[in-house]
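Read the structure below first, then the notes.
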Amino acid sequence: MSATASTAAPSVGRPRAFDMDTALQKALEVFWLKGYEGASLPDLCEAMGINKPSLYAAFGNKEQLFLKAIELYENRPCAFYYPALEQPTSYQVVQHMLCGAAKANADPANPPGCVIVQGALACSESGASVKQALIEKRQKGEVALRERLERAQAEGDLPADADPAALARYIGAVLQGMAIQATSGASCDDLRMVAETVLQAWPGKK
């Protein structure tokens, strides 16, 4: 056996020719702008700078890519929804959520609106599982807010006659409406006015 053969390192496979985190961020931007069904594979491949075989090898199919992009979206440093639940009062929880939504939905550095709200509002049968996944994420968020408001009520931070479930559903509807308004051109200041209107009528203590 030659010295060259005896010292050759075992093959460990070819390294990826692209950065997966960057590619996933680019995919998120496409889904954010076009929605799940509006984003074609050629759109995604062009934005990500890869071909279809590389996309499938790295991320699976389009549905799996979308769900990975949503996970990235939820864990961005600027994510505001779940961190808001850690605020000390119900008023501050809702204030953090609504003001965070105003800033995030109209941030000029990103597409307008919220991809979890508008990513798959209407889908064909082939996209039903993606639509359901986003419905479940929105429902999970509403449950988490309801439970936080129930705790606030138990602590005397919300009046005894307040309805945590109805309030959580109301805030969810406002957040979703703010996202849709942002896609229609509403500015951060416009959305902050919505937030202030809600906060003025909030039953909890400031």
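Just one of the numbered conditions (1) outside any helix (DSSP H, G or I); (2) of a type outside the set (Ser, Thr, Tyr); (3) within 19 Å of ALA84 (Cβ to Cβ); (4) open to solvent by 20 Å² or more (accessible area, probe 1.4 Å) is not true of ALA160; which one?
Single failed check for ALA160: (3).
What are the residues in the stretch 28-81 that are loosely packed, with under 15 Cβ neighbours inside 10 Å and not in a helix (DSSP H, G or I), if any?
Once the filter is applied, which keeps residues that are loosely packed, with under 15 Cβ neighbours inside 10 Å and not in a helix (DSSP H, G or I), the stretch 28-81 yields SER40, GLY49, ASN51, GLY60, ASN61, ASN75, ARG76, PRO77, CYS78, ALA79.
Can you tell me how many residues within the stretch 163-206 are in a loop (DSSP other than H, G, I, E, B) and either more than 13 Å from LYS103 (Cα to Cα) or polar (S, T, N, Q) (or both)?
10
Starting from residues that are open to solvent by 60 Å² or more (accessible area, probe 1.4 Å), part of a helix (DSSP H, G or I) and without any contact (Cβ under 8 Å) to a residue 24 or more places away in the chain, keep the ones in the stretch 93-125 and report whichever is nearest to GLU155 (Cα to Cα).
Going residue by residue through the stretch 93-125, those that are open to solvent by 60 Å² or more (accessible area, probe 1.4 Å) are 95-96, 103, 108-109, 121-122, 125.
Remaining after also requiring part of a helix (DSSP H, G or I): 95-96, 103, 125.
The next check asks that each one be without any contact (Cβ under 8 Å) to a residue 24 or more places away in the chain; those that pass are 96, 125.
Values: HIS96: 20, GLU125: 45 Å.
Taking the candidates together, the pick is HIS96.
What is the one condition in (1) in contact (Cβ under 8 Å) with a residue 24 or more places away in the chain; (2) open to solvent by 20 Å² or more (accessible area, probe 1.4 Å); (3) within 21 Å of the chain's Cα centre (by Cα) that ALA128 does not satisfy?
Status for ALA128: all satisfied but (1).
For residues that are open to solvent by less than 60 Å² (accessible area, probe 1.4 Å) and either touching a Leu at 6+ places or on another chain (Cβ under 6 Å) or touching a residue at least 24 places away in the same chain (Cβ under 8 Å) (or both), scanning just the stretch 163-176, find the one that is nearest to ALA79 (Cα to Cα).
LEU175
Which of the residues that make up the stretch 1-55 are at pLDDT 80 or above, more than 24 Å from the chain's Cα centre (by Cα) and among the small types (Gly, Ala, Ser)?
SER54
State yes or no: is VAL143 open to solvent by less than 80 Å² (accessible area, probe 1.4 Å), in contact (Cβ under 8 Å) with a residue 60 or more places away in the chain and either of a type in the set (A, V, I, L, M) or in a loop (DSSP other than H, G, I, E, B) (or both)?
When the stated conditions are applied, VAL143 does not pass them.
The values are calculated or read from the model by the stated rules, or taken from the named source; none is laboratory data. This is a predicted model, so every value here is computed, not measured. Cβ atoms come from the backbone with ideal geometry, glycine included; neighbour counts cover every protein chain shown. We work out accessible area using only protein heavy atoms, side chains counted, and drop any ligands, DNA or RNA first. Shrake-Rupley method; radii C 1.70, N 1.55, O 1.52, S 1.80 Å.
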